[in-house]
Amino acid sequence: MASTTFNGPVRSQNGFQSVTVAEGTGTVTVNATFGTATSVTDLTTTNLTTTNLVFTDQNHPTKAAINATATATAAQVITGYITSTSAAATTITLPTGTLLGAALGATQGTVMDLYVDNTAGANTVTIAVATNGILSSAAADTPGSFGDLTVASGVTGLARFTIMFSSATAYVFTRTA
């Protein structure tokens with residue numbers, strides 16, 4: 001089939017698929033499905049041709065558990081979801097801007113959300129920033145909301161933080177929910 005270029009929105013009631021067809025065998029491989037349950041597969045650095053890609057799907061199939069005071073690894077943070085079930089008060093220190101930026105391939109303007117789930121914990125979790133991580137001016141100006149780095153335990157023990165990179169090695173940290 002020939003390629004078609006549209007000028008204006010393309011609409012479908014049943015979603016869209018991006019596919020490749022193998023030469024010789026005609027085997028069809030679905031690379032991405034766009035619809036009510038959008039999924040993207042094969043997003044590796046060799047196939048990723050865009051920069052500053054933003055994911056808005058907040059489903060986190062991989063979660064990191066930190067159940068004692070520790071410095072989170074960059075790999076734990078980039079899952080986007082950290083759980084804690086500790087009975088003792090816990091402080092989670094984020095990795096340095098250099099380590100986190102390298103793990104994300106961050107550039108100025110890279111943004112990611114980090115969820116901390118302490119609903120199964122029995123004590124508070126406090127988030128701390130490391131070298132090249134600073135609290136945003138909103139966090140510094142209103143510590144009771146944007147700067148609230150403590151996550152309660154129990155049913156209200158969920159928090160969302162936004163990490164915004166001002167360079168490849170430095171980030172600004174704000175509580176956003």
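Do the conditions hold for Ala72, that is, is it under 15 Å from Thr174 (Cβ atoms), within 18 Å of the chain's Cα centre (by Cα) and not β-branched (Val, Ile, Thr)? It is false that Ala72 is under 15 Å from Thr174 (Cβ atoms), within 18 Å of the chain's Cα centre (by Cα) and not β-branched (Val, Ile, Thr). Would you call Ile163 assigned by TED's automatic domain parsing to the domain that holds Ala68, touching a Leu at 6+ places or on another chain (Cβ under 7 Å) and under 21 Å from Thr73 (Cβ atoms)? Judged against the criteria, Ile163 is a match.
Looking only at residues of the range 116-134 that are buried (at least 18 other Cβ atoms within 10 Å of the Cβ) and assigned to a strand (DSSP E or B), we find that the one that is nearest to the chain's Cα centre (by Cα) is Val116. The single condition from (1) more than 20 Å from Met112 (Cβ to Cβ); (2) assigned to a loop (DSSP other than H, G, I, E, B); (3) modelled with pLDDT under 70 that Ser12 fails is (3).
The values are calculated or read from the model by the stated rules, or taken from the named source; none is laboratory data. If you're wondering where the values come from, they're calculated on a predicted model, not measured in any experiment. Cβ coordinates were reconstructed from backbone atoms using ideal geometry, including for glycine residues, and neighbour counts include every protein chain displayed.
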